[in-house]
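Right, one structure below, let's go through it.
Derivation of every value follows stated rules applied to the coordinates shown; laboratory data play no part. Computed from a predicted model, the values in this text were never measured in an experiment. Using ideal geometry, Cβ is built from the backbone for each residue, glycine included, and neighbour counts are taken over all protein chains shown.
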Amino acid sequence: MKKTIMATGNLGYIGSIMAPVLIESGYEVVGYDAGYYEDCYLIEAKQALKKQIKKDARDVTPEDLEGVECVIHLAGLSNDPLGEFHPSLTENINFKATVRLAECAKKAGVKRFLYASSQSVYGVSDTSKDVDENGAVNPITAYAKSKWRSECELKKLCSDDFVITCLRPATAYGASPNLRMDIVFNGFMGNVWTKRPIEIKSDGTPWRPMSHIRDITAAFMACIEAPAELIRNQVFNVGTADNNYTVRQLAEAARRCDPDAKLTFTGEHTDPRSYRVTSAKILTVLKDYYKPQWDIEKGAADLMNFFKEAKFDLDTFDGYKCTRLKALKKRIADGTLDDNLRVK
Ligand SMILES: NC(=O)c1ccc[n+]([C@@H]2O[C@H](COP(=O)([O-])OP(=O)(O)OC[C@H]3O[C@@H](n4cnc5c(N)ncnc54)[C@H](O)[C@@H]3O)[C@@H](O)[C@H]2O)c1
């Protein structure tokens, strides 16, 4: 019998790729999403789901999880600017609702709970070594704190029958029907496609670990398929053997897609972050299950094809659809979301 997977956040940037891949791989998928960015799709992308639950994660009940074997929890406020927009909401949605969801899942007899944490928990600025899962955490922003607190509480719920695994993806990149351009490499590629210069507000030397959204999807699938003893109460960085890029390397990879693209470095450092991360653990422990396929060059080519298909232009780039904070502010202004990000 097909396993039933609940994917929360299935209508977001990563979820819009992950849910169809899970379905193609033979799983039945129940989507759970409040639909904050439903009107942000750049191309049509229907998901052949078993069921779509349109509901706020803060309101989940055990009944929502009946018949589900594994939960992949992606839903949440997905970056630092959203977190700072309203820190207490980030706490409620990213932390409290995550714990509530896991408690409901445990009650409903779900076997596995796979949590999308983030490498922002490291908050590191030391590039002398690649940080692994045992590296010290130093969550600085409301977003990073919510991810770290969730990991800590989830661990307490882990048991023989209820396997919890926390995955920490690097910053994502790549094409998705519900594209985000508020993440570094996609933003550079958008500049190239729309013939705008890529302006780097540094000398380009800071390091940024990166992970393609289809490799992130593959990592979650690996955790569905691997024996429980390999993943129980484990934390995995998600990336590749070669996932650390400098901002300069990212910008140059983008520029290689168009020989006329302009690239400037202002030399000022407005963002102190620079960090390198190793994904050696997932690549060894889950080597029979997780085989990443993507690198920046391949992701760049795929994005160019997507921009063409989606007729991506400057208006779309500068509008609300591809920037999460703008999308939420627009919905609040339109009156379709209240100040607590409840759908009206
Ligand atoms: N994109 C990245 O670079 C990256 C990197 C590491 C970790 N992550 C994590 O992966 C997850 C997915 O990221 P993404 O880029 O797809 O984000 P996204 O913002 O595109 O999607 C998040 C989805 O969650 C839903 N959601 C938000 N709050 C909700 C609530 N209260 N109730 C129900 N649904 C709600 C939204 O409607 C949206 O569809 C997030 O948890 C994010 O923190 C993302």
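Helix 213-225 axis versus longest C-alpha principal axis of the chain: approximately 20°, rounded to the nearest ten. Note on residue 196 and residue 46: their simple-model spin labels are 3.4 nm apart, each label 7 Å out from Cα toward Cβ. Are there trypsin sites (Lys or Arg not before Pro) in segment 7-66 that DSSP puts in a loop and that have at most 13 other Cβ atoms within 10 Å, and which ones? Hits after loop and neighbour filter: 46.
So for 141, 270, 98, fewest C-beta neighbours within 10 Å to most, what's the order?
Details: 141 18, 270 7, 98 27.
Ascending number of Cβ neighbours within 10 Å: 270, 141, 98.
In the chain, the longest principal axis of the Cα atoms and the axis of helix 97-107 are about 30 degrees apart.
For an R0 of 22 angstrom, estimate the FRET efficiency from the Cβ-Cβ distance between residue 111 and residue 285 and round to the nearest 0.05. E(calc), rounded to 0.05, equals 0.70.
Applying the criteria of a DSSP loop state and at most 11 other Cβ atoms within 10 Å to the GluC sites (Glu not before Pro) of segment 1-91 yields 44.
The GNM of the chain, with springs linking C-alpha atoms under 10 angstrom apart, assigns the highest mean-square fluctuation among 165, 316, 266 to 266. Note on the chain: with charges restricted to the Cβ of Lys and Arg (+1) and Asp and Glu (-1), its dipole about the Cα centre is near 260 debye.
Across segment 13-150, C-alpha contacts under 8 Å between residues 6 or more apart give a mean separation that, scaled by the residue count, equals a relative contact order of 24 percent.
Of the trypsin sites (Lys or Arg not before Pro) found in segment 182-266, those in coil by DSSP whose Cβ has at most 16 other Cβ atoms within 10 Å are 195, 201, 232, 256, 262. If amide hydrogens are placed 1.01 Å from N in the peptide plane, which non-local residues have theirs closer than 5 Å to the one on residue 131? The answer is 276, 277, 278. In summary, the convex hull built on the alpha carbon positions of the chain has an orientation-averaged projected area of 16.1 nm².
Based on C-alpha pairs under 8 angstrom that are at least 6 apart in sequence, segment 83-239 has a relative contact order of 29 percent.
When 271, 215 are sorted by how many other C-beta atoms sit within 10 angstrom of their C-beta, beginning with the fewest, the order is 271, 215. The residues packed around residue 98, meaning those with a beta-carbon under 11 Å from its beta-carbon, carry a net charge of +1 if Lys and Arg are +1 and Asp and Glu are -1. Helix 142-157 and the longest principal axis of the C-alpha atoms of the chain enclose an angle of approximately 30°.
The count of lysine pairs in segment 43-140 that are at least 8 places apart or cross chains, and whose C-alpha atoms lie under 27 Å apart, stands at 21.
Note down the net charge around residue 138, summing +1 for each Lys or Arg and -1 for each Asp or Glu among other residues with Cβ under 13 Å from its Cβ. Charge balance in the 13 Å sphere: +2.
Given R0 = 56 Å, the distance between the Cβ atoms of residue 103 and residue 258 translates into a calculated FRET efficiency of 0.65. When only Cα pairs below 8 angstrom with a gap of at least 6 residues are kept, the chain shows a relative contact order of 19 percent.
Taking K and R as +1 and D and E as -1, what net charge do the other residues with C-beta under 14 Å from the C-beta of residue 200 add up to? Each step should come with its number before you reach the end.
Details: positive: 196, 201, 208, 248, 255, 262, 273; negative: 199, 203, 252, 268, 271.
Result for the neighbourhood of residue 200: +2.
Close Lys pairs in segment 240-316, defined as Cα atoms under 21 Å apart and 8 or more places apart or on different chains, number 5.
Return the calculated 222 nm mean residue ellipticity for the chain, to the nearest 500 deg cm²/dmol, obtained by summing -39500 (n - 2.57) across DSSP H runs with n ≥ 4 and dividing by the residue count. For the chain, the value works out to -10000 deg cm²/dmol.
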